Amino acid sequence: MTVPVLKTANPPATDEVQNEFQKQMLSVVPRLRAFALSLSAKSDYADDLVQETLMKAWNHQNDFQPGANMKAWLFTILRNEYFSQLRKKKRKREVEDVDGELVNQLASPANQESHLDVADLRVAMQQLPDDQREAIILVGASGFSYQEVAEITQVAVGTVKSRVNRARVRLAALLDIDMSQSGKSGDSDTSDT
């Protein structure tokens, strides 16, 4: 009697391949944390998201194609994990602080005006819809091109551009910024940053 042998899609990685994978993965951690923090607005939750992302990536490293964009792959894992947890949380019907009212009650007043600007931006970012916040963070703060963001979020490039534009316009309104003075109307953004 012969015992069936299970075949894996990719053979186990060698030590050299694992070391290179680990090196590439760890180089993206600061950007992953920044992205997670921008999505969640809570540092401990952001750290948990990054840890979960790294664990999933490590456990599925055989699925990663050498030469592929490690940063985009990890951002996709983190994004998917965030939205999966968000869906689970909504099913549990936990109290959410959509307006930021509870957070504002816990915040201590800043002692410098620049802190107020950052706090205002953080509050305004949290008021954006998830898809717009994600798009503007990936393009504006993380430096991804529109094409890379489209691949990460699995939407068309035009959709990414539209989300970024709507987020910029909404942030300008929330922060009371006159877009005409900055030379950007928000409608003519066709660059592929």
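The values are calculated or read from the model by the stated rules, or taken from the named source; none is laboratory data. What you see is a predicted model; the values in this text were computed from it and never measured. No Cβ is skipped: glycine too gets one built from the backbone with ideal geometry, and neighbour counts run over all protein chains shown.
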Handout entry: Lone qualifier among V95, V103 - being β-branched (V, I, T) and either closer than 26 Å to V169 by Cα or at pLDDT 85 or above (or both)
Key = V103
Practice task
Within the range 42-71, work out how many residues are among the hydrophobic types (A, V, I, L, M, F, W, C), surrounded by 17 or more Cβ atoms within 10 Å (Cβ to Cβ) and touching a residue at least 24 places away in the same chain (Cβ under 8 Å).
Solution key: 6
